[in-house]
Amino acid sequence: MTTAVETGIDLADLAFWRRPPHERERDFARLRALPHPVFFPERRVPLLRSGAGFHALVRHADVVEASRNAKVFSSEPAVTNPEPPGWVKHVFGDSMVNLDDPRHARLRRIVSRAFSPKMLARLDSGIAEAAARIVDDVAAQGPRDFVAQVAARLPITVICDMMGIPGDIRAKVHAHVDASTAYTGVRMSLARTAAMAGRNMAALFALQRLVIRLGRAREREPGDDLVSALVTANVDGERLTPRELGSFFTLLLVAGNETARNTMAHGLKLLTDNPGERERLAGDFEGHIGGFIEETVRYVSPIMQFRRTVTEPYELRGVRLSPGDKVVLFYGSANRDEEVFPDAGRFDITRKPNPHVGFGGPGPHFCLGANLARQEIKIMYRELFTRLPGIRTVGDPDLLLSNFDNSVRSQDFTF
């Protein structure tokens, strides 16, 4: 079988993720063309539970197979790559994304009330009002940074509204979210690893403490918000513990916020670079906004990868996997698989079918907040195209150096 050394590619090295996206995609295409998944060794990094390495799943079919088979491809002990040390879960609790059934199913059942069609319909007017305020501010202040002025504002506003976060602490929440996503998750020097991991953990801990205090207050005096709903028993007598509430809040803020934020930011750049697609969307917004959202999620893959741990002997495309082996699902590569997406490098908002895995592959861990993200993006872009029809990016985005989060740090724009 082909080794990582023979490919000349190292997906576990920070140097790979420093390269421009088109160069990385060229290497992923080479990996997809190989007959078997390639194993990439990892160097042990202090503060992280890294070591042996992982098999890279880069084809769409392989990612889908592993996603559907959660019994064999476990989310425990963690889905990030490399894995955090074991003490992290003792401090922060188990995040739903890092659990398997039945614990995962129980938490998902409780928090799914936040994403029911009825709840999302109730949010519609609030999202529209928030989008209108954002465009009001952009029009008054002038265009500077699309991320700071638009893309980063709406998702956090919506999540804080849902959770009932008081207005006077929302700026603090925003700062903690930014700090918690700055950690790249790829190997680097000991000093930088320690510093970034420390800031990341401190931010997550602050977010958890904030919502746990709010949850205790809502237990005493429930309100009409999601925190109240989650800490009071449902019809089956189930509710979140304080630690579970804290873990859910950080997951919602980091995963839910980042997916919508980065899809919005990348989307404007893609429309600017593809004027034909922009004209198509502007000519029939309601008819094409759904296709635009799905194609943007496919094209940019806001979350680029998740790790799984093998629980029993299994063979995947000629590779024999043993219990304890690690595989990494590279969603960005799967979303460019030419066997599934003809002319995969072309941005096409009319692409059908579009079975992307940008919200995770099919299975129990498919993104619970996918419809909320779609709703936010649709409403925000409707407001932008209605009131600022000439909006477009200027220059290239400043991208976060990460192997996990395809995040836009800033993007100049004009209208």
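Which whole number in µm²/s is D for the chain by Stokes-Einstein, with the Kirkwood Rh taken over Cα pairs at 10 °C and 1.306 mPa s?
Reported coefficient: 72 µm²/s.
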Loop sites in the stretch 265-320: trypsin sites (Lys or Arg not before Pro), DSSP, at most 15 other Cβ within 10 Å: Arg317
Gained length - Glu238 relative to Asp224, 0.36 nm times residue gap less alpha-carbon distance: 3.2 nm
Given charges at Cβ of Lys, Arg, Asp, Glu: the chain dipole, positive-most of Leu372, Val319, Gly291: Val319
Rounded to whole Hz, the Karplus (6.51, -1.76, 1.60) HN-Hα couplings of the stretch 401-409, x for glycine and proline: 7, 7, 9, 10, 10, 7, 9, 9, 6
Where the chain is the region considered: accessible area per residue in Å², 1.4 Å probe: 42
Residues whose placed amide H lies under 5 Å from that of Glu83, excluding near-sequence neighbours: Arg49
Whole-Hz ³J(HN,Hα) from phi, Karplus 6.51 cos²θ - 1.76 cosθ + 1.60, for the stretch 210-223, glycine and proline x: 4, 6, 5, 4, 5, x, 5, 5, 6, 4, 6, 9, x, x
Set of the stretch 360-389 residues, backbone N closer than 12 Å to the point 7 Å along the Cα-Cβ line of Ala139: 383-389
Phi to ³J(HN,Hα) by Karplus 6.51 cos²θ - 1.76 cosθ + 1.60 over the stretch 7-20, Hz, x for Gly, Pro: 6, x, 10, 9, 5, 8, 9, 4, 4, 4, 7, 6, 6, x
Most positive-pole-ward Cα, Leu57, Thr414, Leu31, against dipole of the chain from beta carbon charges: Leu57
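Counting Lys +1, Arg +1, Asp -1, Glu -1, what net charge surrounds Leu329 among other residues with beta carbon under 13 Å of its beta carbon?
+2
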Cα-centre dipole for the chain with unit charges at Cβ (Lys and Arg positive, Asp and Glu negative), debye to 20: 820
Length-normalised contact order of the chain in % [C-alpha pairs under 8 Å, at least 6 apart]: 24
Percent accessible area from carbon and sulfur atoms, the chain, protein chains only, probe 1.4 Å: 54
Arg409 long-range amide H proximity, modeled H, under 5 Å: Asp398, Leu399, Leu400
Neighbour count of at most 16 Cβ within 10 Å plus DSSP loop: longest GluC sites (Glu not before Pro)-free window in the chain: 1-237
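The values are calculated or read from the model by the stated rules, or taken from the named source; none is laboratory data. All of these numbers come straight from a predicted model, not from anything done at the bench. Cβ sites come from the backbone with ideal geometry, for glycine too, and all protein chains shown count toward neighbours. When the accessible area is computed, the model is the full protein with side chains, heavy atoms only, and any ligands, DNA or RNA have been set aside. Shrake-Rupley method; radii C 1.70, N 1.55, O 1.52, S 1.80 Å.
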